[in-house]
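The values are calculated or read from the model by the stated rules, or taken from the named source; none is laboratory data. Here the structure is a predicted model, which means the values were calculated and not measured. Here the Cβ is made from the backbone with ideal geometry for all residues, glycine too, and neighbour counts use every protein chain on show.
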Amino acid sequence: MPPNDPLMTRPETDGRLEMACPAPEGLIALVAALAEVLAPGDVLFLQGELGAGKTTLTQYLARALGVGPEQYVASPSFALLHEYSGRLPLYHMDLYRLSDEEDVEAAGLLEYLEQQGVTVIEWPERLGTFTPADRMVIHLQVEPDGTRRLTLEPHGQQWRQKLGHVAQNLAVP
């Protein structure tokens with residue numbers, strides 16, 4: 001296995017999938033498998049500390065969804081939301097600078113949870129009671145050696161099925 005390939009563990013009995021990526025480029029295989037199952041209206045939550053790779057994952061996902069290189073994918077920390085055109089529209093939110101669900105609502109971001117694209121949300125805990133029931137939560141953690149540990153946690157039956165397809169595409173035993 002090349003050093004940039006993700007290293008998978010078996011899917012957990014609760015449907016979660018855990019993996020490790022020795023280098024950020026290891027995320028490419030994951031997002032390629034994920035992009036194959038994404039559909040309009042899907043919501044992805046990215047959780048992790050600053051520098052964990054949330055925006056990097058979104059950049060790779062944008063390319064996997066056909067967002068061209070002329071559309072630079074950057075962190076929307078100050079703008080709160082960036083939109084990109086690809087096979088599916090990609091809405092990338094960063095709620096870090098917001099305090100709570102009232103700030104999210106006041107910023108007009110809730111409508112993007114119901115758009116016909118894929119919505120990726122960094123710092124999703126700020127959504128509070130507006131958190132959609134159906135979503136994929138991707139936890140990112142950086143180990144001291146730089147390895148990224150990811151846990152994909154599906155919420156809703158549709159996401160459990162989709163994660164099963166992702167695991168198959170990644171050849172998880």
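Hey, could you check the range 135-144 for residues that are closer than 17 Å to residue 91 by Cα and out of contact with any helix residue (DSSP H, G or I) (no Cβ under 6 Å at 6 or more places or on another chain) and say which is surrounded by the fewest Cβ atoms within 10 Å (Cβ to Cβ)?
137
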ask   = Can you find even one residue in the range 117-126 that is modelled with pLDDT under 95 and over 18 Å from residue 49 (Cβ atoms)?
value = yes
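Residue-by-condition table, conditions (1) surrounded by fewer than 18 Cβ atoms within 10 Å (Cβ to Cβ); (2) at pLDDT below 95; (3) over 28 Å from residue 17 (Cα atoms); (4) touching a strand residue (DSSP E or B) at 6+ places or on another chain (Cβ under 8 Å):
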| position | (1), (2), (3), (4) |
| --- | --- |
| 72 | yes, yes, yes, no |
| 80 | no, yes, yes, yes |
| 106 | yes, yes, yes, no |
| 115 | yes, yes, no, yes |
| 148 | no, yes, no, yes |
| 161 | yes, yes, no, no |
| 169 | yes, yes, no, no |
query = Using beta carbons and a limit of 7 Å, which pairs, at least six apart or on different chains, have the first residue in the range 31-46 and under 21 Å from residue 149 (Cα atoms) and the second one in a strand (DSSP E or B) and acidic (Asp, Glu)?
reply = 46/122
query = Taking the condition touching a strand residue (DSSP E or B) at 6+ places or on another chain (Cβ under 7 Å) and not acidic (Asp, Glu), does residue 98 pass?
reply = no
task = Within the range 76-114, work out how many residues are of a type in the set (Asp, Glu) and within 21 Å of residue 63 (Cα to Cα).
result = 2
ask   = Restricting the search to the range 84-100, which residues are in contact (Cβ under 8 Å) with a residue 24 or more places away in the chain and in a strand (DSSP E or B)?
value = 90, 91, 92, 93, 94
